[in-house]
Amino acid sequence: MTITQSPDLVASMLSRRSNKLVQAPGPNPEQLNQILQTAVCAPDHAAMRAWRFVLIEQAEISAFTDLAIDATRRWGREITPQKEQNTRNWMSKVPLLIGLAYKISHDNSKVPEIEQTLSMGAAVMNIQNAAHALGFASYWSTGLGSYTEEVPEALGFDGLDYRFVGFLAVGTPINQLAAGQRPDAMSLTHVWKAGA
């Protein structure tokens, strides 16, 4: 077995951070295919292939924003005029939204749903790392009506069969962010010893 060493990939992952403010251009079709292909390399117990994605391109984002705001209000969550304006301003610049869901396996005793959730999270992280490696920024949002029934269903994800986990806004960063303040990973780590 050959192990490929890729220090550039590690450096890219260490420099990634979420960036909400993106603009065109977004990934071209070839880049987007590469980015999404990394998602299906995520750990996948029993090869369930549960990941699902829906692309909302810039020409449709205004209509989607209307849908999300209206659905959120119908769901009973207040959106102030300022919050609505901020959301519309943000979304008007986003070149690509990727809706994120996974197909629930209701009767799979071998793979509990938490493992399906973890696989979806790993797939999304792969997407974010790949987008960053190609020079784009991304932001994972669970706003925009993610927890309503109406928005996921409008995107083709029935709540009985799919778990919707939000959106990635993907594009060229408007501002380059300073390096994130990260904890030392070893401060979150301990070594287990038998009998200790």
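A few remarks follow.
- Residue 32 surrounded by 12 or more Cβ atoms within 10 Å (Cβ to Cβ) and in a strand (DSSP E or B): no
- Identity of the residue in the range 17-29, surrounded by 15 or more Cβ atoms within 10 Å (Cβ to Cβ) and outside any loop (DSSP other than H, G, I, E, B), that ends up farthest from the chain's Cα centre (by Cα): 23
- Whichever residue in the range 96-119 is surrounded by 19 or more Cβ atoms within 10 Å (Cβ to Cβ) and not β-branched (Val, Ile, Thr) and, among such residues, is farthest from residue 58 (Cα to Cα): 116
- Condition broken by residue 56, with the remaining ones in (1) assigned to a helix (DSSP H, G or I); (2) within 16 Å of residue 98 (Cβ to Cβ) satisfied: (1)
- Cβ pairs under 9 Å, 6+ apart, first in the range 30-54 and without any contact (Cβ under 8 Å) to a residue 12 or more places away in the chain, second part of a loop (DSSP other than H, G, I, E, B) and exposed (fewer than 14 other Cβ atoms within 10 Å of the Cβ): 49/40
- Among the residues of the range 105-149, those that are under 27 Å from residue 175 (Cβ atoms) and assigned to a loop (DSSP other than H, G, I, E, B) comprise 134, 135, 136, 142, 143, 144, 145, 146.
- In the range 176-193, the residues that are exposed (fewer than 10 other Cβ atoms within 10 Å of the Cβ) and of a type outside the set (A, V, I, L, M, F, W, C): 176, 181, 182, 183, 184, 187, 189, 190, 193
- For the range 92-133, the set of residues classified as of a type in the set (D, E, K, R) and under 16 Å from residue 157 (Cβ atoms) consists of 103, 113, listed by residue number.
- Inside the range 150-196, residues that are in a loop (DSSP other than H, G, I, E, B), within 30 Å of residue 112 (Cα to Cα) and free of Cβ contacts under 8 Å to residues at least 60 places away in the same chain make up a count of 10.
- Residue check for residue 67: in a strand (DSSP E or B), surrounded by 11 or more Cβ atoms within 10 Å (Cβ to Cβ) and not hydroxyl-bearing (Ser, Thr, Tyr): no
- Single residue of the range 1-56 satisfying the filter (of a type in the set (Asp, Glu) and in contact with a helix residue (DSSP H, G or I) (Cβ under 9 Å, 6 or more places away or on another chain)) that is modelled with the highest pLDDT: 8
The values are calculated or read from the model by the stated rules, or taken from the named source; none is laboratory data. Treat the numbers as computed from the prediction; the structure is a model and nothing was measured. Glycine gets a Cβ as well: all are built from the backbone with ideal geometry, and neighbour counts include every protein chain shown.
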